[in-house]
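Following: one structure in structure tokens, then a few remarks.
The values are calculated or read from the model by the stated rules, or taken from the named source; none is laboratory data. As the structure is a prediction and not an experimental result, all values here were calculated from the model. No Cβ is skipped: glycine too gets one built from the backbone with ideal geometry, and neighbour counts run over all protein chains shown. Heads up: the accessible areas ignore ligands, DNA and RNA and are worked out on the full protein's heavy atoms, side chains in. Shrake-Rupley method; radii C 1.70, N 1.55, O 1.52, S 1.80 Å.
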Amino acid sequence: MLFQPNMKKVLAARGYHHCKSDDELTRHGEYVRNIQYTFSKEFKGAHEKVVDIIFLSADMLSEKLVISFYRENISIENGVLQNTDVSIPLAKFSIEEFEKKLDRLIPKGNPLRPGVDGGEPF
């Protein structure tokens, strides 16, 4: 299994889950260079909605796990707030390293209530 169950548990603890709407962003290895699996999390306010998406991609050619973070305010046109990624060489992969990369990649707190939650991850 390419994406370990422990990786799913780490993301679930942070509030990210794979749901039906994420299937359109998931790619399998039959016809693509990178195998990709997505997890998402939504933040809803009174008049806006922000979606965080985590992409886990295995780049087989470069032998690395790529973790991408995408945050978008879908309430407005062209509402991209953040789009970044990091990678881990497959030979050096561990759950601890995966968690460290997530800590660096995902901003703390709720994007709709900055400063209110004390910087706690959601």
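Here are some notes:
- The lone exception for ILE35 - which of (1) open to solvent by less than 20 Å² (accessible area, probe 1.4 Å); (2) assigned to a strand (DSSP E or B); (3) at pLDDT below 85 it fails: (1)
- Hits in region 52-84 (condition: closer than 16 Å to LEU11 by Cα and either among the basic types (Lys, Arg) or out of contact with any strand residue (DSSP E or B) (no Cβ under 6 Å at 6 or more places or on another chain) (or both)): ARG71
- Residue count, region 85-104 (criterion: under 17 Å from LEU11 (Cα atoms) and surrounded by 13 or more Cβ atoms within 10 Å (Cβ to Cβ)): 11
- Top-ranked residue in region 11-22 [being open to solvent by 20 Å² or more (accessible area, probe 1.4 Å) and within 14 Å of the chain's Cα centre (by Cα); ranked as modelled with the lowest pLDDT]: CYS19
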